[in-house]
Amino acid sequence: MSDSAKRSILAGLRWTSLRLRLVVVFALVALTAAVSASGIAYWLNREAVLTRTQDTALGDFRRQMQNRAASLPLQPTGSDLQDAAGQMANSGPGYHVLLVDSHDGKPIVGSSDIDAFTKLDVPASLQRQVNKKQPMTSSNTHEYHLFWQRTSIGGTPYLVAGTKIIGGGPAGYMLKSLDQERQDLNSLAWSLGIATALALVGSALLAQGAATTVLRPVQRLGDAARKLGEGKLDTRLVVSGTDELADLSRTFNRTASSLEKKVADMTAREESSRRFVADMSHELRTPLTAITAVAEVLEDEADSLDPMIAPAVHLVVSETRRLNDLVENLMEVTRFDAGTARLVLDTVDVADMVTACIDARAWLDAVDLDAERGMMVLLDPRRLDVILANLIGNALKHGGSPVRVAVRADEDELVIEVRDHGPGIPEDVLPHVFDRFYKASASRPRSEGSGLGLSIAMENAHIHGGDITASNSPDGDGAVFVLRLPRDAERLAGAPGGDDPDRNEKGSAK
């Protein structure tokens, strides 16, 4: 699977991805719309179904009461009431009838189905309303009215209605089951639920399509930006269409072209500057060699020269040496910048290396060494000598004696700590101590050093795969430089800035 495909899948899975947010928003909008529409449709259909069933049953019950119950004798028997109730139920649209009257204070009841409908099934509140005589007014010309209510018996919904014959006669009650209507409404609810789910799925698919349409150009733009950040300045986008995303792609292409041109110009100027420094340093070496030879002769004869001339001779000699060191440092920096610096590896005893470095520069009296013999590492001896010379020399020059050098090693890393007993490094200077030509004091721009020593030491540490850190001692007594190098730099062989390809199998230079 390609990296772009993996990134696309991971982007689709992230909770913060735009694709997921689009899908969620589309889904929420569709869900809200579908639920609202389904709820309204269900409510309207429910009212329509129940109202139609209710009106049909009540209208028929009212006619049956007027036609059959009203024709009963003034003192009906229980048999009369039961026959009338059965006839009313058989003629009605599927409901049960209960007729109630009284004779000599005793209630007489006739039911179309005594097992299905009794007086106990009629709510007491409905019975009170049916038997209550209404006051006669201009707007109310009837003493008794038809009352109804919906109730539930044994978990089944029913419509219960009742009225009383005007002018004397039995009270009639009707019980109509609404179970079929409930089943129809449940079927409607399931249908609306399925429609809502389908709308939700459809909205998610639509959101996915819209997100793909929008995000595919954005993803291509992101991939192109990553390639541009990786240094592939010739990266361009294929532009199609006239929308905002096409304008964004055109803007990216113009920006990339401008960046490529500027980087090419800067690279050319940097290469020209580096070549100038290298050529200048190389050209200076020939006259410097001659001047150095003359300066050494003058230094040997300085004691026999006129006392007025001797200081000038010593100044010329010291400045010639300083200039010679500066040229060598500039050539070394140029090699690092050009990427032509190489490691020449050899297995050495670190304690012997540090001792040789200190002895060669006559620092034995000013440096305390804490190092055990027998710590063998594979590195470039010359470059380690340059690092140590710069760190120890810097400590002696800007710190205070004695300078302590401690060496320790573990399985993978060599650590060399150089500590002085001077005033330490100011906090505002610490971040810049390894910068090229950096001077801690702007009022003293001229010093014996070139300002390149610590930066060259850092470059030599980096080429080994190591690092150098600078800090002040926790007890406030001096500065501490810590060099960390891998014990085996052979893994860098063949890489830019790595080992010399002509070394032998054991890592020693030929």
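The values are calculated or read from the model by the stated rules, or taken from the named source; none is laboratory data. This one's a predicted model, so the numbers in the text were calculated from it and none came from an experiment. Reconstructed Cβ throughout: ideal geometry from the backbone, glycine too, with neighbour counts over all protein chains shown. Just so you know, the surface numbers come from the protein's heavy atoms only, side chains and all, with ligands and any DNA or RNA stripped out. Shrake-Rupley method; radii C 1.70, N 1.55, O 1.52, S 1.80 Å.
At-a-glance table
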quantity	calculated
Qualifying positions in the range 123-153 - closer than 12 Å to ILE166 by Cα, in contact (Cβ under 8 Å) with a residue 24 or more places away in the chain, out of contact with any helix residue (DSSP H, G or I) (no Cβ under 8 Å at 6 or more places or on another chain) and surrounded by 13 or more Cβ atoms within 10 Å (Cβ to Cβ)	VAL130
Considering residues of the range 16-32 that are aliphatic (A, V, I, L, M) and open to solvent by 60 Å² or more (accessible area, probe 1.4 Å) only, the residue nearest to LEU159 (Cα to Cα)	LEU31
Qualifying residue in the range 181-199 (condition: within 21 Å of GLY59 (Cα to Cα) and open to solvent by less than 50 Å² (accessible area, probe 1.4 Å))	yes
Qualifying residue in the range 409-420 (condition: surrounded by 19 or more Cβ atoms within 10 Å (Cβ to Cβ), of a type in the set (D, E, K, R) and part of a loop (DSSP other than H, G, I, E, B))	yes
Residue within the range 452-474 that is at pLDDT below 60, within 23 Å of LEU326 (Cα to Cα) and assigned to a loop (DSSP other than H, G, I, E, B) present	no
Enumeration of residues in the range 230-267 that are open to solvent by less than 60 Å² (accessible area, probe 1.4 Å), small (Gly, Ala, Ser) and more than 13 Å from VAL218 (Cα to Cα)	GLY231, GLY241, ALA256, SER257, SER258, ALA264
Inter-residue pairs, beta-carbon under 7 Å, first without any contact (Cβ under 8 Å) to a residue 12 or more places away in the chain and in the range 58-75, second open to solvent by less than 100 Å² (accessible area, probe 1.4 Å) and not small (Gly, Ala, Ser), 6+ apart	PRO73/ASP80
The range 115-166: number of residues that are of a type in the set (Ser, Thr, Tyr) and under 25 Å from ARG182 (Cβ atoms)	6
Condition met for ARG46 (modelled with pLDDT of 85 or more, open to solvent by 20 Å² or more (accessible area, probe 1.4 Å), farther than 30 Å from ALA225 by Cα and over 32 Å from the mean Cα position of the chain (by Cα))	no
Matching residues in the range 268-288 - criterion: being surrounded by 11 or more Cβ atoms within 10 Å (Cβ to Cβ) and among the hydroxyl-bearing types (Ser, Thr, Tyr)	SER273, SER281
In the range 355-395, residue surrounded by the most Cβ atoms within 10 Å (Cβ to Cβ) [restricted to those that are among the charged types (D, E, K, R) and within 18 Å of ILE468 (Cβ to Cβ)]	ASP380
Which numbered condition TYR158 fails, given (1) under 60 Å from the mean Cα position of the chain (by Cα); (2) surrounded by fewer than 17 Cβ atoms within 10 Å (Cβ to Cβ); (3) not aliphatic (A, V, I, L, M)	(2)
Search result, residues across the range 200-217 that are touching a residue at least 40 places away in the same chain (Cβ under 8 Å) and open to solvent by 40 Å² or more (accessible area, probe 1.4 Å)	LEU200, LEU206, GLN208, VAL214
In the range 16-51, the residues that are part of a helix (DSSP H, G or I) and polar (S, T, N, Q)	THR32, SER36, SER38, ASN45, THR51
Residues located in the range 117-143, provided they are hydrophobic (A, V, I, L, M, F, W, C) and modelled with pLDDT of 85 or more	PHE117, LEU120, VAL122, ALA124, LEU126, VAL130
Given (1) modelled with pLDDT of 85 or more; (2) out of contact with any helix residue (DSSP H, G or I) (no Cβ under 7 Å at 6 or more places or on another chain); (3) open to solvent by less than 70 Å² (accessible area, probe 1.4 Å); (4) hydrophobic (A, V, I, L, M, F, W, C), number of the condition VAL100 does not satisfy	(2)
Odd one out for PHE437, checked against (1) in contact with an Asp or Glu (Cβ under 6 Å, 6 or more places away or on another chain); (2) at pLDDT 50 or above; (3) surrounded by fewer than 16 Cβ atoms within 10 Å (Cβ to Cβ)	(1)
Members of the range 161-179 that are open to solvent by 20 Å² or more (accessible area, probe 1.4 Å) and over 15 Å from MET65 (Cα atoms)	LYS176, SER177, ASP179
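Residue-by-condition table, conditions (1) open to solvent by 70 Å² or more (accessible area, probe 1.4 Å); (2) modelled with pLDDT under 75; (3) aliphatic (A, V, I, L, M):
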position: SER304; (1), (2), (3): yes, yes, no
position: PRO311; (1), (2), (3): yes, no, no
position: VAL317; (1), (2), (3): no, no, yes
position: ARG322; (1), (2), (3): yes, no, no
position: LEU330; (1), (2), (3): no, yes, yes
position: ASP346; (1), (2), (3): no, no, no
position: MET353; (1), (2), (3): no, no, yes
